[in-house]
1. Tally the residues that are in contact (Cβ under 8 Å) with a residue 12 or more places away in the chain, among the hydrophobic types (A, V, I, L, M, F, W, C) and surrounded by 13 or more Cβ atoms within 10 Å (Cβ to Cβ), restricting the search to the range 179-196.
2. Do any strands (runs of 3 or more DSSP E) lying entirely in the range 126-210 carry at least 2 residues that are of a type in the set (Gly, Ala, Ser), and which ones are they?
3. Pull up the range 36-93, narrow it to residues that are open to solvent by less than 10 Å² (accessible area, probe 1.4 Å) and of a type in the set (Phe, Trp, Tyr), then point me to the one that is nearest to THR108 (Cα to Cα).
4. Suppose we keep only residues that are modelled with pLDDT under 90 and out of contact with any helix residue (DSSP H, G or I) (no Cβ under 7 Å at 6 or more places or on another chain) within the range 130-149. Which one would you say is least open to solvent (accessible area, probe 1.4 Å)?
5. Can you go through ASP100, ASP199 and tell me which one is surrounded by 13 or more Cβ atoms within 10 Å (Cβ to Cβ), without any contact (Cβ under 8 Å) to a residue 60 or more places away in the chain and of a type in the set (D, E, K, R)?
6. Determine which member of the set VAL65, VAL49, VAL38 is under 13 Å from the mean Cα position of the chain (by Cα) and at pLDDT 95 or above.
7. Those residues that are closer than 25 Å to ALA119 by Cβ and among the small types (Gly, Ala, Ser), I need them from the range 142-174; list them, please.
Amino acid sequence: SSGSGSSSGSSSSASSSSSSGSGSSDSSATKNLTIGLVDFDPTSLGAEVQVKAMNSAFQAAGWKVKEQSSSGDISNANTICTQFVTQHVSAIVTEVWTADQLAQCLTTAGAQNIPVFLAASNVGKGTAGAISTTGAAPINALVISALKKQSGAQVFAINYTPGTPCRERQQDFDAKMKAQLPNVKITNHAGIIPGAVQDATAATQAFLNG
C-alpha cells in the first residue's frame, strides 16, 4: 500500500505542474517521469517489501526508476539523493529516514525544485509528502493482548532505533507495557543493519539458550 500511496502522490505532483498544457503534453510529461528511489537496505525484510511495491507501482505508471540502497547508512542516503539531483530525476523517494536526517538531501533537491517524498516515515520540513507505515498501536495491542493471556511471560525485543517505524513502535510498546504489564521482563536487543536477518537469528538463539 505504501507503493501505491507514494505513486499517487508523485503522480499528483506531476499533474499539477503540467496542468496548463494540453491533454497530450500532460500525458507525455507524466509518462516521462524518472523516480530516484533510495532503498533503506535489502537485508531489512519489511523495508524491502515496501521498496518492491513502490518500484512496481512506479513502473506500472510508466515511470523510469533509478534505485540505490543506502545500506542502512544515513550518510549514504544523503549522498545517493544528491547524485539523483545531479541526474535531474523528476522526484526522489526515500525510505525510513526522517526529514531531519535527510537535511542535506532536502536542501540539495529543494534548490533544484525536485520534490522529495518519504516512505515509512513522517512529513517534515522540506518534504513533498510522506507515507507512514508504522502502525504502532494496533500491532502492539495484539502483542500485549496475547501476553496478558500467558503466565510468566517474557519479551525479547529486537529494536532498531535509527529507523523511524521501528523506533516509534518500540516507544509505543514500552509505554504501554509499563502501564499495563509492568512486571513482565523485557530484554532488548539493538538490531544491526545490514545483516538484519542473520543478526536477529543469532540474537534470538542466544536469548533462548540463555
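1. Selection size over the range 179-196: 5.
2. So the answer is 129-131.
3. Checking each candidate, the answer is PHE84.
4. The residue in question is GLY135.
5. Exactly one of ASP100, ASP199 is surrounded by 13 or more Cβ atoms within 10 Å (Cβ to Cβ), without any contact (Cβ under 8 Å) to a residue 60 or more places away in the chain and of a type in the set (D, E, K, R), namely ASP199.
6. VAL38
7. Scanning the range 142-174 gives ALA157, GLY163.
The values are calculated or read from the model by the stated rules, or taken from the named source; none is laboratory data. In this text the structure is predicted, and so the values were computed from the model without any measurement. A quick note on method: Cβ atoms are made from the backbone with ideal geometry, for glycine too, and the neighbour counts reach across all protein chains shown. When the accessible area is computed, the model is the full protein with side chains, heavy atoms only, and any ligands, DNA or RNA have been set aside. Shrake-Rupley method; radii C 1.70, N 1.55, O 1.52, S 1.80 Å.
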